[in-house]
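Each value in this text was obtained by applying a stated rule to the coordinates, not by laboratory testing. Bear in mind that the values here come from a model prediction, so they are computed numbers and not experimental data. Cβ coordinates were reconstructed from backbone atoms using ideal geometry, including for glycine residues, and neighbour counts include every protein chain displayed.
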Amino acid sequence: MISSFYNARSGVLAQEQAMNVIANNLSNVNTSGYKSEAMGFADLLYGNMNRAEGEEDRARAGAGVRPAQVAVSFAQGAMAQSERELDFALAGEGFFAVRDPVSGETSYTRDGSFRKSLRPDGFYLTTAAGALVVNVVGEPVLFAESWPASPRQEHLQIGVYRFANPYGLMKTGNNLYAATEDSRQAAIVPAPDLRQGYLERSNVDVATEMARVIETQRAFQMSARLVSLSDEMEQQLNSLRN
């Protein structure tokens, strides 16, 4: 099979993955604290087209394209007033830390839409999925009976944590991130800009994503057309051999 077929095939597969990333961004346009992603590409190995063994040839051909990485944009999302006392938005750097009540693993999120949930030993501040929100000393936020009916941030002491390299965080689903060796360990933000009664909106720009849809669709169509042309060329070559 001629190399153009494989090159075009790699383009079809790469653009398909890029479209999946764009579709995920658009589906989360109303997800609080969601950070958009963009697919990056890299070219594959190059080789000499016509040469004897051990000789160099200036005529070189590539082997196609591959998805290189999915880059996350941590640009600030717009602030939307919710008027819920347990909604919090972060302005600037940082993440909320939440702990899985079953596994005990700690994850990080920008989504500050919290709940007051009853557990056997009292009321805790949790996410919508039931994860425990962590305070400034690394413990779950527990509501005290002596607190007023309308708790303020100074009572809750919600912890905000930052990373030396937030781009090294790994997305795990449910709008959560996990720390990795690349991100380094989490450190407390001493004076975070935390706004109660607000939520940070997704930073997805619909116009930008729609432009990417058109660009990716055209690239996919051209790659698919090249697959078809390569197949037709192979059929012509086979007929000549016969």
Relative packing of 201-211, 101-111, 37-47, 9-19, which averages over residues the other C-beta atoms within 10 Å, highest first: 9-19, 101-111, 201-211, 37-47
Expressed as a rounded percentage, what relative contact order does the chain have, with Cα pairs under 8 Å and six or more residues apart? 27 percent
At the level of C-alpha centres, the distance separating the stretch 197-215 and the stretch 80-111, in angstrom, is 21 Å
Degrees separating the helix 3-27 axis from the principal Cα axis of the chain, which is the longest one: 20 degrees
Formal net charge of residues neighbouring A63 (Cβ-Cβ distance under 11 Å; K, R +1; D, E -1): +2
With springs connecting C-alpha atoms under 10 Å apart, model the chain as a Gaussian network and identify which of G62, G159, G138 has the largest mean-square fluctuation. G62
For the chain, the longest principal axis of the Cα atoms and the Cα long axis of helix 206-241 enclose an angle in degrees, to the nearest 10, of 30 degrees
Take every Cα-Cα distance within the stretch 82-200, group them into 5 Å bins from 0 onward, and report for each bin the whole-number percent of pairs it holds. 2, 12, 23, 26, 20, 11, 4, 1, 0
Over 25 Å [Cα-Cα, the chain], rounded percent: 56 percent
Could you give the dipole magnitude of the chain about its Cα centre, charging the beta-carbon of Lys and Arg +1 and that of Asp and Glu -1, in debye to the nearest 20? 240 debye
